[in-house]
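Contents: one structure, followed by commentary.
The values are calculated or read from the model by the stated rules, or taken from the named source; none is laboratory data. Please read all numbers here as calculations on a predicted model, not as lab measurements. Every residue, glycine as well, gets a Cβ built from its backbone with ideal geometry; the counts of neighbours run over all protein chains shown.
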């Protein structure tokens, strides 16, 4: 099992460590609800070093990424990041990624569970493209600082301003000869940044962040994967293996905005057909009655007939409601539609609601 460069940090703070996608990761430090609420109200730091970080270099890097990705990568300018999907020929989703464009290369951040699969897929698709693909995951670290106070606090701690940094843009810096990367992106529904740095810098950098933010009377606190999941679910953000899988396409997964059907890419022919015909199912939001939480795999019923399946569910700390996302027959995926969710044999009433459940500033 792999460990991140911040493993000692997690252990010093008595985090509960679990195996996640082959990595030992902190699921919680003090409490999921406490960490969730602190992120919504102030700012938290998440260790996301388990995510893959892979460089594409060479004269054909942009052309290859254009073929691999659902988004238009070729139009990206240096300093831009683009969320995208990577699909199979049948439209099934291999992963959702963020592609960042540098002056002389591209950086692709992928999910930990899909890194090795993608490395093999990319090499298979490289063909005659003049591209060098290099996995930088184990020589770097990645952290996310998220929350309403995160951007201002980090702007006072970093050596360059970030208040002018637009969403899905990044800046780079150098300290004692080591390059680092700061992007205005994240996975919580809050504002903030994600930082990639050399692995050796991660522990002192996060320790300094914790110490100096406390000195500013705006303490950044650590949060684990548990809060990261409840935060992303409130924000209606898909999680690979739940809302996104190889079993269905990006449009069915509710991510049509991340697909550019004006260009050709692997899987584009299938997605164009699905767009023209309309998807048979769609990822949809639900609010549940009562105290039971819907978990992945729970059947969605209407008039006793199966009409879908839950992909993620939780009790929302911010909203005080039980919420879920699920794959639902398209004719029923209309806000206000009443369904039942079979939670271990108990039929629980639920209502279709728009996504996201939570929006920044609410």
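Taking every residue in the stretch 257-286 that is free of Cβ contacts under 8 Å to residues at least 24 places away in the same chain and pairing it with any residue that is surrounded by 13 or more Cβ atoms within 10 Å (Cβ to Cβ) and in a loop (DSSP other than H, G, I, E, B), at least 6 positions away or on another chain, the pairs with Cβ-Cβ distances below 6 Å are 272/261.
With respect to the conditions (1) in contact with a strand residue (DSSP E or B) (Cβ under 6 Å, 6 or more places away or on another chain); (2) at negative phi, residue 212 falls short on a single one, namely (1).
Report yes if some residue within the stretch 287-301 is surrounded by 15 or more Cβ atoms within 10 Å (Cβ to Cβ), touching a helix residue (DSSP H, G or I) at 6+ places or on another chain (Cβ under 8 Å) and closer than 30 Å to residue 69 by Cβ; otherwise report no.
Quick first cut of the stretch 287-301, residues surrounded by 15 or more Cβ atoms within 10 Å (Cβ to Cβ) only: 287-288, 292-296, 298-301.
Restricting the remaining residues to those that are touching a helix residue (DSSP H, G or I) at 6+ places or on another chain (Cβ under 8 Å) gives none.
Checked the stretch 287-301: no residue is surrounded by 15 or more Cβ atoms within 10 Å (Cβ to Cβ), touching a helix residue (DSSP H, G or I) at 6+ places or on another chain (Cβ under 8 Å) and closer than 30 Å to residue 69 by Cβ.
Of the residues making up the stretch 145-200, those that are surrounded by 13 or more Cβ atoms within 10 Å (Cβ to Cβ) and assigned to a loop (DSSP other than H, G, I, E, B) number 15. Of all residues in the stretch 201-227, those satisfying the criterion of being surrounded by fewer than 20 Cβ atoms within 10 Å (Cβ to Cβ), in contact with a helix residue (DSSP H, G or I) (Cβ under 8 Å, 6 or more places away or on another chain) and within 20 Å of residue 27 (Cα to Cα) are 203, 207, 221. Report, by residue number, each residue of the stretch 279-311 that is modelled with pLDDT under 95 and within 16 Å of residue 329 (Cβ to Cβ). Passing the criteria: 303, 304.
Of all residues in the stretch 43-91, exactly one satisfies the criterion of being modelled with pLDDT under 95 and either part of a strand (DSSP E or B) or crowded, with 24+ Cβ neighbours inside 10 Å (or both), namely 73. Condition check for residue 94 on (1) free of Cβ contacts under 8 Å to residues at least 40 places away in the same chain; (2) surrounded by 13 or more Cβ atoms within 10 Å (Cβ to Cβ); (3) outside any loop (DSSP other than H, G, I, E, B): one failure, at (1).
Here residue 126 fulfils each of the conditions (1) modelled with pLDDT under 95; (2) surrounded by fewer than 17 Cβ atoms within 10 Å (Cβ to Cβ) apart from (2). If you check 134, 153 for being touching a helix residue (DSSP H, G or I) at 6+ places or on another chain (Cβ under 8 Å) and in the same structural domain as residue 173 (by TED's automatic domain parsing), only one passes: 153.
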